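I have placed the structure first, in the form of structure tokens, so that the comments after it can refer back to it.
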Amino acid sequence: MANEVQQFDVVVIGGGPGGYAAALYGASAGLNIAIIERDKVGGTCLHRGCVPAKEFLETAHVHRTLEHSSAFGFSTGEIKTDFAVSQARKNDIVDKLYKGLSGLLKGRKVTIFEGTGRLDKDLTVTVLDGADAGVIAKGKNVIIAAGSVPRTLPGIDVDGKIVYTSDEFLNLEALPETAAVIGGGAIGCEFASLLADMGTKVTILEGLPSILAGCDAEVAKVVERAFKKRGIEIQVGVNITGHKPNKGGTSVNIEGGEDVKVDMVVVSVGRRPRTEGLLGEGTGVEINERGFVVADPYMRTSNPNVYAVGDVVANTPQLAHVGFAEAIVTIKSILGEPVVPVDYDRVPWAIYSNPEVAFCGLTEAAAKEKGYDVVVKKDPFGGNSRAQIIGDTDGVVKIIAEKRADGSAGQILGVHMAGPWVTEQLGAGYFAVNWEATAEEAAALIQPHPSLSETFGETLIALAGRGLHVG
């Protein structure tokens, strides 16, 4: 009831991946947990991010398959696209997953309050609005998992008609003829890729010297070449000063360059933490100058009974699976169990563009910056029999290892891939990096034939010193 203080072992502010994972994991350990969520459990990832975006990317994959089906002996005729059908399919998938998650939380007796949560002093959380406005939940511990929202740019106001962020884009019923994607990071490249596959003429506008700046440089080049081959224009090192709407579209203004005339602008320049109004007086929780909550490796904030997970945490990757891992660290910390903090240098990354990108561990440049002498081996997918069978041979596997005194490859430091279905292949590379395997140890493991994963295995064998098909 409103204004009545309700007691819990843990109160979680936010029901996205980090928040609901903490609730499920903690409830499994017998903790009495409440979630305060302003929208729907599942958060951005389920409703406005990872899941809906990947459904659209799968639609693009099917479209691409139909376009190239003649190579397999099929005559399909003109391919007509009703994107509203994909939108409906996406909504159905999201709804099923949402109902499944809601059922899981209910089954583990997690209490869910609807509204915006504010952390106040003495570990109390007040529900400010929504169906449960006025509820006060007090926890022995509190977990902040308030998530993030898309960043925008000065002079590029989002209106959901011409200018979109990922939130508005994922509600589209029809695709534009032309589009500018501002930002060439992971999300921007995914949007650019799916638009291009569906027939939209796309221009990527990136302020940094290259797209996919966080990836290994050679992997980013593979994607850049593939994009350009598919007609995606890429402009890097640009400063966007605004845009001027015109009939049916707009012109994006570039400092010192020509305007880019398009029907749609998709702003994809990262995400900011949702921490406005999150804290009342006397919480003892530090928020840095960029709006992120400061937490230690055990996810504990400057208040020892308040933890933070997910996108609100400073200096950590904004990835759903990182939120899951941080949630487990948090609950283990609360329970006093042995904890292994997340090693952020070794988390897996997956980008679902065409070609896909997947990596973990250090890039070649980062390894050298940390003082490592390195041995590097690469193997393109062009020689892979399965890649040729499926007709998708653009890509490469690159593995970085520490160089021993005798010049041989020692511990594997990083695995970087671009190519067909590499997001499903990274598992072996992730284990190799995180179990600190040497090249010889990992190379001794057998990959099935014919499979896309053979390229990873072949690269390992070459890294260990005696390649089969790779020099």
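Taken together, the values in this text are just the output of simple stated rules run on the coordinates, not laboratory data. In this text, all values refer to a predicted model and were calculated from it rather than measured experimentally. Neighbour counts are summed over all protein chains in view; Cβ atoms, including those assigned to glycine, are modelled from backbone coordinates with ideal geometry.
Dipole check for the chain: with +1 at the C-beta of Lys and Arg, -1 at the C-beta of Asp and Glu, and the Cα centre as origin, the magnitude is about 340 Debye.
Between Val236 and Asp406, the distance separating the two model label sites (each 7 Å from Cα on the Cα→Cβ line) works out to 3.9 nm. Estimated from helical segments only, the mean residue ellipticity of the chain at 222 nm is -9000 deg cm²/dmol, where each DSSP H run of four or more residues counts as -39500 (n - 2.57). The three principal axes of the Cα atoms in the range 275-391 give end-to-end lengths of 62, 34, 32 Å, sorted in falling order. Taking only the C-alpha atoms of the range 363-471, the Rg (one decimal) and the largest Cα-Cα distance, Dmax (whole number), read 13.2, 42 Å. Cys residues of the chain that find no other Cys beta carbon under 4.7 Å: Cys189, Cys215, Cys360. When Rg and the Kirkwood Rh are both derived from Cα coordinates, the Rg/Rh ratio for the chain amounts to 0.99.
Remark: relative contact order (the range 355-463) = 33 percent; criterion is Cα-Cα distance under 8 angstrom and separation of 6 or more residues. Hydrophobic long helices, here whole DSSP H runs in the chain with Kyte-Doolittle means of at least -0.5 and Cα atoms spread over 24 Å or more along the helix axis, are found at 50-67, 83-107. The range 397-461 gives an Rg/Rh value of 0.96, both radii derived from C-alpha positions and Rh following Kirkwood. Coordinate range of the alpha-carbon atoms in the range 163-269 per principal axis, descending: 40, 33, 24 Å.
When Ser251, Ser453, Ser70, Ser75 are sorted by how many other C-beta atoms sit within 10 angstrom of their C-beta, beginning with the fewest, the order is Ser75, Ser70, Ser251, Ser453. Hey, quick one: spin label on Thr76, modelled 7 Å out along Cα-Cβ, who in the range 185-199 has an amide N within reach, i.e. under 12 Å? Answer for the range 185-199: 198-199. Spin-label model, Glu337/Ser451: points 7 Å from Cα along the beta carbon direction are separated by 3.0 nm. Calculated FRET efficiency, Asn305 to Asp157, Cβ-Cβ distance, R0 = 45 Å: about 0.65 to the nearest 0.05. Relative contact order for the range 163-269: 35 percent, from Cα pairs under 8 Å spaced at least 6 residues apart, divided by residue count. What percent antiparallel are the DSSP beta bridges of the chain, to the nearest 5? Antiparallel bridges: around 55 percent, rounded to the nearest 5.
Treating each Cα of the range 103-251 as an identical point scatterer and summing with the Debye formula, the log10 of I(q)/I(0) at q = 0.10, 0.19, 0.22 Å⁻¹ comes to -0.56, -1.08, -1.41.
Straight Cα distances below 18 angstrom link Lys377 to the aspartates and glutamates Asp216, Glu218, Glu364, Asp394, Glu402, Asp406, Glu436, Glu440, Glu441, Glu454, Glu458, with same-chain residues fewer than 8 positions distant left out. Listed by chain and number, the lysines whose C-alpha is less than 19 Å from the C-alpha of Lys121, apart from same-chain residues fewer than 8 away, are Lys138, Lys140.
For the residue pairs Lys368/Lys403; Lys40/Lys106; Lys54/Lys398; Lys161/Lys244; Lys90/Lys161; Lys54/Lys109, the C-alpha atoms sit more than 19 angstrom apart in Lys54/Lys398; Lys90/Lys161; Lys54/Lys109. Using a cutoff of 8 angstrom between alpha carbon atoms and counting only pairs six or more residues apart, the relative contact order for the chain works out to 14 percent.
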